[in-house]
Each structure stands twice: as structure tokens, then as C-alpha cells.
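Trainee: One structure, as C-alpha cells, below. Some questions next.
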Amino acid sequence: MTFDLATASNHLASTSQEWWRSAVIYQVYPRSFSDSNGDGIGDLPGITARLDSLATLGIDAVWLSPFMRSPQKDAGYDVSDYKDVDPLFGNLADFDAMVARAHELGLRILVDLVPNHTSDQHRWFQDALIEIEGSAERDFYHFKDGRGLNGELPPNNWLSLFGGPAWTRITNPDGTAGQWYLHLFDSSQPDLNWANPKVQEAFEDILKFWLDRGVDGFRVDQPHAMAKAEGLPDHPDVERAGAGFIEGEASPPMWFQEEVHPIFRKWRKILDSYDGDRAMCGEAYVLPLTFMAKWVRPDEFNQTFNFRFLNSDWNAKTLFDNINESFEAFDGVGAPSTWVLNNHDVLRHASRFGGLNIKPTDSDGVGPNDPQPDRELGLRRARGATLMMLALPGSSYLYQGEELGLPEHTTLAPEFRQDPTFARTNGARVGRDGCRVPLPWEAGVGAANGFNQTGKSWLPQPDIYAEYSRDQQDGVEGSTLELYKHALKVRKELALGEGSFEWVNEFVGEKVLGFRNGDILVVHNFGHAPIELPAGQIIASSLHQMTNGHPLVADQTVWLRLVVA
Ligand code: NOJ
Ligand code: CA
């Protein structure tokens with residue numbers, strides 16, 4: 001194991017003032033945040049009513065997962081009207097009220113834009129179904145004739161990321177079997193044809209619709225999938241790569257096609273033509289990060305999610321390499337690195353780090369029949385991981401509930417499962433519901449601990465969630481919530497997000513990682529043996545019992561202000 005400090009990354013403090021370069025952005029998953037009308041599904045008025053708690057937490061911006069009109073086959077990532085709010089969540093007036101309240105509180109709002117695919121209930125797709133082959137309506141999507149004597153085989157070998165083939169055959173209005181349409185996700189999510197200028201225009205219009213309503217930007221879903229290779233050729237390596245790609249090998253025909261970049265340049269121009277500092281973050285799953293960096297060139301996305309960091313095993317060597325790779329790649333194009341440990345697609349980090357060595361990429365959830373993570377160990381490590389992340393310069397993403405130290409719901413019974421992955425794989429992959437369970441706010445208020453007053457809940461909480469409720473942690477010294485609040489406050493006061501980065505040689509090795517951000521030393525203990533720290537003032541610690549002059553114990557992170565001689 002080599003820690004090559006000679007070639008490791010340094011990062012200079014930022015001189016740019018744009019908010020997104022150092023922002024802490026909190027992801028709200030609307031259906032699980034807070035439910036105002038008691039129907040069991042979180043909604044926009046519920047979010048508005050609880051925005052104060054996010055302002056108190058100390059974040060800068062909120063990214064909302066989709067709340068647009070949708071049949072909810074993939075929890076809203078299947079949009080049937082991009083310019084309306086789904087009645088489940090409220091209406092446009094509720095949205096405006098939410099944005100107004102957020103802005104009053106000094107919080108920015110980013111909305112989720114899903115351009116790779118629509119819902120099959122979208123008018124564009126419904127029109128395409130009734131129109132003839134080769135029509136302008138069909139050209140909004142990828143309709144192709146099947147292979148085989150009677151077109152009974154899918155047009156190519158592509159697979160859906162949710163399992164099964166990426167093609168579904170339609171039935172013509174006269175009852176005969178028709179063409180096939182492409183869906184990289186669920187069959188209810190047909191992929192749009194981005195080579196069609198009309199699709200491009202339609203989305204420019206959608207961007208303006210939300211910008212005019214005052215949003216501060218967008219999180220863009222699956223931007224790396226939008227363009228497909230001409231002619232939709234077979235995936236060259238479906239045996240090994242499945243629906244995905246193998247890093248470092250030639251890219252498959254549905255990922256990272258060059259044609260997407262001019263589209264994002266146009267979008268960036270649109271955002272920049274508005275007042276304020278609007279920003280877009282791409283969920284560009286492109287690795288290595290030197291490739292991802294192309295997506296955040298100065299005239300494209302402002303940010304992309306750092307999936308390398310998200311996918312890191314929690315060990316010193318992997319993190320050392322991944323942090324180096326991050327600074328090298330993003331600094332190379334003048335973009336901030338982002339840092340993220342959780343989102344609505346991966347196992348919560350308090351469970352991921354619970355001793356089972358689960359990677360977000362290969363976990364696909366944990367079910368009642370799987371080995372169960374160690375809750376105490378997981379939380380201890382998750383707290384250490386977060387404290388380390390929040391000291392890294394750049395922008396950090398938090399996912400609702402992690403500030404409570406919420407574990408994944410790992411014992412959710414099959415009858416409650418809603419993620420299409422579960423059904424499409426006959427339960428072989430339990431899917432992502434376990435990280436999407438409604439938040440506990442007040443212990444004992446209804447069966448869902450204050451998520452609403454009725455106790456109804458689209459996914460049931462496990463019993464253990466009561467003890468993680470926000471009211472059980474608010475103002476309680478040593479709680480995870482107070483740790484997050486403290487870290488975010490200090491991060492802001494010391495401008496760590498805009499700060500510099502360099503490894504500290506004596507704290508780099510198999511069992512320890514330490515770096516400096518300005519005059520703050522950040523150290524994490526990956527081993528069991530206590531680690532002596534230099535003289536200084538502890539300004540944050542992931543474990544309650546840390547006081548000045550004590551050694552760093554297992555899984556602990558501290559921020560220490562060095563004593564300048
Ligand atoms: C990525 C989103 O984060 C995920 O939740 C969704 O299922 C897919 N994109 C498809 O939109
Ligand atoms: Ca509701």
C-alpha cells in the first residue's frame with residue numbers, strides 16, 4: 001500500500017465568490033420529508049412548514065427530488081408534465097410559497113430536472129403511440145423495429161438499469177404488434193431522442209419556466225445518458241458490464257456521448273442570462289473523474305456529483321486516492337469538487353459503514369434476509385466520515401435524515417417495496433426503498449413520529465426510528481443533529497468550503513488520514529490504536545467525549561486549530 005505524498009494533490013483556497021463553489025446543499029426527498037395533509041406522502045406545504053429547521057441546521061441550499069406531475073412509477077423520476085406540480089405534493093402556488101419562504105430564510109432552491117426520459121403517460125409519448133412509424137411524434141423517442149423474422153426480438157442488446165431488457169414492444173392501435181421503444185430505466189420511462197431539435201427546444205422552455213419561478217438552479221438527472229450513439233449499436237460488452245460500463249474501457253453506446261456537451265453549454269447560457277447566480281449540478285455518472293471534469297468545464301455544468309467519493313470504501317488508502325483524484329480533476333478545469341456520502345439511491349452511510357463492507361454501487365439495498373449492519377459502529381463511522389467531508393474545500397451534499405444519523409430501513413417487508421428494481425428483478429435486488437423512508441420529527445407523534453399527525457406513511461418506519469427523531473436530538477449535546485449543526489456553523493465561520501487543502505505527512509498512512517484546510521488540522525483515525533495529536537484547540541469532534549489533549553480514538557475525526565508558534 002503506497003501513499004505517494006510527493007505526487008498527492010494540494011488545493012489552493014478559492015478566490016471566486018460564487019455561492020455554489022462552497023455551498024452545503026441539502027437534498028429533500030419530498031415524499032418523505034414532511035406530510036402536511038396526513039395522506040402518508042410528504043408534500044410541498046409540509047416542506048415549507050419545516051424549512052426553518054433546515055435554516056437552523058446551517059445549510060445553504062435545498063435540492064428537491066422531483067415533485068412534478070408523475071404517475072410515480074419511479075418515485076417521480078417519471079415525469080408526465082414538467083411544468084406542473086403533482087397533486088400528491090400540492091400545486092404551483094404551494095411551490096411559489098415554498099420558494100418565497102426559502103428565500104426569506106436565505107436558502108436557495110434547486111429543482112430536479114429529468115431530461116433523459118419522460119413518463120409513458122407524458123403527452124409526447126401518448127401522441128407517439130397513436131401516430132405512425134416515422135412520424136414527428138415518434139421521433140421524440142427511440143422507436144425502432146424489432147429484430148427477428150417478425151420483429152419479435154428487441155432492436156439491440158441493451159439492458160435496463162433496473163433489470164431486464166431496455167426495450168418494450170408496443171401494440172398498435174389496431175391490435176397488431178408494433179415497434180419497440182427504448183427505456184434505460186423502467187418500461188414506464190421511455191428515453192427521449194435528444195438528437196431531435198424539438199426535444200432540445202422543449203427543455204429549454206422547461207428550464208425557463210422554473211427559472212422564471214425563481215429557482216436558483218437544477219440538479220439534472222442522468223445527463224450522461226441523454227445522447228445515444230448513432231444507429232443504437234449493440235453494447236459491446238453486455239456480458240461483463242450489464243447495463244453499465246467498465247471504467248477505463250471504451251464507452252458503451254448509451255453513455256457519455258460527446259453530443260451532450262453542446263446541449264449543456266446552451267443550458268448554461270440560459271442560466272447565466274438570469275439574474276442572481278443560478279447553477280446546475282449534473283448527476284453525470286462518468287468515471288474516472290478526469291472524464292467527469294469535462295462536464296464541469298467553465299461553460300457547462302457548475303457542478304457534478306463526485307461519485308468516486310460517494311463510492312469510497314471507508315479506508316485510508318481508498319480515500320487518499322479518491323481525494324487526490326478529485327482535486328486533480330476538478331482543479332484542472334477550475335470547478336469545485338463536490339463531496340457526497342448519501343442520496344436517495346444508495347444505502348445510508350450509517351448502515352453502509354456498519355461493518356459489512358457494502359459499496360453503494362453494489363449494495364442495491366439490504367433486506368430482512370441479509371446480514372444486518374452494526375448500528376452503533378455504522379453511526380460512529382458515519383459521524384467521523386461526515387466531519388471529514390465537511391472540512392474538505394468545495395461543495396458538500398447532504399441527504400435528508402443523515403443529520404439525524406438515520407440508519408437504512410433494512411428490515412422492510414417485501415409487501416411494502418415500491419422501487420421498480422424490486423419488481424423487475426423478482427426481489428433479487430431489494431432496491432432503494434430503505435433509504436427513502438419518511439423522516440421522524442417528533443417521537444411518538446403518530447406511527448410515523450411526527451412525519452404527519454395521522455401516522456400514515458407510504459413506507460413504514462422501523463420502530464428504531466423513534467429514538468432518532470429530531471426532537472430527541474435537538475439541543476441535546478453530543479447528538480448527531482448537534483454535531484451537524486456545529487460542524488456547519490464552524491465550517492461557515494472559518495470559510496472551510498472556500499479553503500485550501502494539503503495532506504499532513506505525519507498523519508497519512510494505513511490507519512490515519514490528516515490534512516490541513518488553512519490552519520485547521522483535520523484527522524481521522526481508521527485504526528484502533530489511539531493517535532496523539534499536536535497541541536491545539538479542538539473545534540469539532542465526531543465523538544462527544546473528545547477534549548483538548550486527549551488522543552484520537554477509533555473512527556473519530558477532529559478539527560483542531562493548530563497553535564501557531
Ligand atoms: C437517477 C435518480 O437519482 C434515480 O432515483 C432514478 O431512478 C434514475 N436516475 C432514473 O431517473
Ligand atoms: Ca401529503
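Trainee: Please tell me if Lys228 is among the basic types (Lys, Arg), out of contact with any strand residue (DSSP E or B) (no Cβ under 6 Å at 6 or more places or on another chain) and buried (at least 20 other Cβ atoms within 10 Å of the Cβ).
Mentor: For Lys228, the condition - among the basic types (Lys, Arg), out of contact with any strand residue (DSSP E or B) (no Cβ under 6 Å at 6 or more places or on another chain) and buried (at least 20 other Cβ atoms within 10 Å of the Cβ) - is met.
Trainee: Would you mind telling me which numbered condition in (1) modelled with pLDDT under 95; (2) more than 16 Å from ligand 1 (Cβ to nearest atom); (3) under 25 Å from the mean Cα position of the chain (by Cα) Gly175 fails?
Mentor: (3)
Trainee: Just for the stretch 490-509: of the residues that are over 23 Å from the mean Cα position of the chain (by Cα) and part of a helix (DSSP H, G or I), which one is nearest to Gly527 (Cα to Cα)?
Mentor: Among those residues, the one meeting the criterion is Val490.
Trainee: A further question on this structure: So how many residues does the stretch 24-42 have that are outside any loop (DSSP other than H, G, I, E, B) and within 15 Å of ligand 1 (Cβ to nearest atom)? It would help to see each step written out before you state the result.
Mentor: Of all residues in the stretch 24-42, those outside any loop (DSSP other than H, G, I, E, B) come to 24-28, 30-32.
Still in the running and within 15 Å of ligand 1 (Cβ to nearest atom): 25, 27-28, 30-32.
Adding up the residues that qualify gives 6.
Trainee: Take the residues in the stretch 535-564 that are part of a loop (DSSP other than H, G, I, E, B) and closer than 22 Å to Ala13 by Cβ, then tell me which one is modelled with the lowest pLDDT.
Mentor: Val564
Trainee: May I pose another question? Could you list all residues from the stretch 344-359 that are under 11 Å from the mean Cα position of the chain (by Cα) and surrounded by 24 or more Cβ atoms within 10 Å (Cβ to Cβ)?
Mentor: Correct list: Val346 only.
Trainee: Return the residues of the stretch 404-450 that are closer than 12 Å to Arg470 by Cα and touching a strand residue (DSSP E or B) at 6+ places or on another chain (Cβ under 8 Å); say none if nothing qualifies.
Mentor: Within the stretch 404-450, none qualify.
Trainee: Further question: Taking Val24 as the residue in question, decide whether it is more than 16 Å from ligand 2 (Cβ to nearest atom) and crowded, with 23+ Cβ neighbours inside 10 Å.
Mentor: Working: more than 16 Å from ligand 2 (Cβ to nearest atom): yes; crowded, with 23+ Cβ neighbours inside 10 Å: no.
The answer is no for Val24.
Trainee: Quickly run through the stretch 445-461 and pick out the residues that are of a type in the set (Phe, Trp, Tyr) and more than 16 Å from ligand 1 (Cβ to nearest atom).
Mentor: If we filter the stretch 445-461 for residues that are of a type in the set (Phe, Trp, Tyr), which is where we start, we get 451, 458.
Across the stretch 445-461, the qualifying residue is only Phe451.
Trainee: With respect to Leu184, is the statement that it is part of a loop (DSSP other than H, G, I, E, B), more than 23 Å from Val85 (Cα to Cα) and touching a residue at least 40 places away in the same chain (Cβ under 8 Å) true?
Mentor: yes
Trainee: Being of a type outside the set (Lys, Arg) and either in a loop (DSSP other than H, G, I, E, B) or within 12 Å of ligand 2 (Cβ to nearest atom) (or both) is the filter; apply it to the stretch 44-61 and report the residue that is farthest from Leu211 (Cα to Cα). Let's see the steps before the verdict.
Mentor: We begin by selecting, within the stretch 44-61, every residue of a type outside the set (Lys, Arg); these are 44-49, 51-61.
In the following step, the residues that additionally are either in a loop (DSSP other than H, G, I, E, B) or within 12 Å of ligand 2 (Cβ to nearest atom) (or both) were identified as 44-47, 49, 58-60.
On the way: Leu44: 18, Pro45: 20, Gly46: 23, Ile47: 20, Ala49: 23, Gly58: 24, Ile59: 21, Asp60: 18 Å.
Restricting to residues being of a type outside the set (Lys, Arg) and either in a loop (DSSP other than H, G, I, E, B) or within 12 Å of ligand 2 (Cβ to nearest atom) (or both), the top hit is Gly58.
Trainee: Just checking, how many residues over the stretch 47-66 are closer than 21 Å to Gly455 by Cβ, in contact (Cβ under 8 Å) with a residue 24 or more places away in the chain and surrounded by fewer than 24 Cβ atoms within 10 Å (Cβ to Cβ)?
Mentor: Number of matching residues: 2.
Trainee: Quick check on the stretch 144-160. Is at least one of its residues touching a Gly at 6+ places or on another chain (Cβ under 8 Å) and crowded, with 21+ Cβ neighbours inside 10 Å?
Mentor: Yes.
Trainee: Give the residues of the stretch 1-32 that are polar (S, T, N, Q), out of contact with any Pro (no Cβ under 6 Å at 6 or more places or on another chain) and over 17 Å from Leu494 (Cα atoms), sorted by residue number.
Mentor: Thr2, Thr7, Ser9, Asn10, Gln27
Trainee: Filter the stretch 62-99 down to the residues that are in a helix (DSSP H, G or I) and either under 22 Å from the mean Cα position of the chain (by Cα) or away from ligand 2 (no atom under 16 Å from the Cβ) (or both), then identify the one that is farthest from Ala23 (Cα to Cα).
Mentor: This residue is Leu92.
Trainee: Quick check on Ser36: is it within 15 Å of ligand 2 (Cβ to nearest atom), in contact with a His (Cβ under 9 Å, 6 or more places away or on another chain), in contact (Cβ under 8 Å) with a residue 40 or more places away in the chain and of a type in the set (Gly, Ala, Ser)? Steps first, please.
Mentor: On the way: within 15 Å of ligand 2 (Cβ to nearest atom): yes; in contact with a His (Cβ under 9 Å, 6 or more places away or on another chain): no; in contact (Cβ under 8 Å) with a residue 40 or more places away in the chain: yes; of a type in the set (Gly, Ala, Ser): yes.
For Ser36, the condition - within 15 Å of ligand 2 (Cβ to nearest atom), in contact with a His (Cβ under 9 Å, 6 or more places away or on another chain), in contact (Cβ under 8 Å) with a residue 40 or more places away in the chain and of a type in the set (Gly, Ala, Ser) - is not met.
Trainee: Next question. Which of the residues that make up the stretch 81-121 are of a type in the set (Lys, Arg) and either within 22 Å of Pro190 (Cα to Cα) or free of Cβ contacts under 8 Å to residues at least 60 places away in the same chain (or both)?
Mentor: Lys83, Arg101
Trainee: May I pose another question? Counting only residues that are surrounded by 23 or more Cβ atoms within 10 Å (Cβ to Cβ), give me the helices (runs of 4 or more DSSP H) lying completely in the stretch 370-484 with at least 3 of them.
Mentor: On the way: elements: 375-389, 420-424, 470-473.
Where helices (runs of 4 or more DSSP H) fall fully within the stretch 370-484 and carry at least 3 residues being surrounded by 23 or more Cβ atoms within 10 Å (Cβ to Cβ), they are 375-389, 420-424.
The values are calculated or read from the model by the stated rules, or taken from the named source; none is laboratory data. Bear in mind that the values here come from a model prediction, so they are computed numbers and not experimental data. When we count neighbours, we look across all protein chains shown, and the Cβ atoms used for this are built from the backbone with ideal geometry, even at glycine.
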